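I have placed the structure first, in the form of structure tokens, so that the comments after it can refer back to it.
The values are calculated or read from the model by the stated rules, or taken from the named source; none is laboratory data. As the structure is a prediction and not an experimental result, all values here were calculated from the model. Glycine also receives a Cβ, built like all others from the backbone with ideal geometry; neighbour counts cover every protein chain displayed.
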Amino acid sequence: MIGIDEVRRGKPHWVWDRQAVSWTTTADRWHVGFVDLSGGQGLLSQVGGRTTAAVTGWLATRSPACREQIRGVAIDMCTVFKAVIRQVLPHALLVVDHFHVVQLANRAVTEVR
């Protein structure tokens, strides 16, 4: 079982773009972390970006035997992660981690108040 989640690292570095007449960031601060949830290995890897390509790329570096052994994947409710897992690991059970479910429920309660 692995967990996949995005994290934001560091502070943004803003640069004024004269052509676009707006501020832009110079680097993508988002990273995707891959964690072993069942084998005790902890953080398996962290890759830059939070895109389909980032997740697919890391999974593609695993051997077919390794990918076949992944029986379950815990994610937040990110549709990008869901689509990649369905494509690359169609045999794996896809679950939403409890933290993000509770977070969503708390936000809904706050909105209703």
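If I ask for residues that are under 15 Å from the mean Cα position of the chain (by Cα) and either exposed (fewer than 15 other Cβ atoms within 10 Å of the Cβ) or of a type in the set (Val, Ile, Thr) (or both), which ones from the range 58-86 would you list?
Within the range 58-86, Val73, Ile75, Met77, Thr79, Val80, Ala83, Val84, Ile85, Arg86 qualify.
Please find, within the range 5-18, the residue that is surrounded by the most Cβ atoms within 10 Å (Cβ to Cβ) out of those that are farther than 15 Å from Val73 by Cα and at pLDDT 90 or above.
Selected residue: Trp16.
When you scan the range 1-15, how many residues do you find that are of a type outside the set (Lys, Arg) and in a loop (DSSP other than H, G, I, E, B)?
Residues that pass the stated criteria total 4.
Against the condition surrounded by 14 or more Cβ atoms within 10 Å (Cβ to Cβ) and either out of contact with any Leu (no Cβ under 8 Å at 6 or more places or on another chain) or farther than 21 Å from Gln46 by Cα (or both), how does His100 come out, does it pass?
Here the answer is yes, as His100 does meet what is asked.
Within the range 1-33, work out how many residues are within 13 Å of Ala54 (Cβ to Cβ) and touching a Phe, Trp or Tyr at 6+ places or on another chain (Cβ under 6 Å).
2
Sort through Arg62, Arg86, Arg71 and tell me the only one that's more than 24 Å from Arg8 (Cα to Cα) and in contact with a His (Cβ under 9 Å, 6 or more places away or on another chain).
Arg71
Spot the failing condition for Leu94; the list is (1) under 15 Å from the mean Cα position of the chain (by Cα); (2) in contact (Cβ under 8 Å) with a residue 60 or more places away in the chain, and only one is missed.
Against the list (1) under 15 Å from the mean Cα position of the chain (by Cα); (2) in contact (Cβ under 8 Å) with a residue 60 or more places away in the chain, Leu94 comes up short only on (2).
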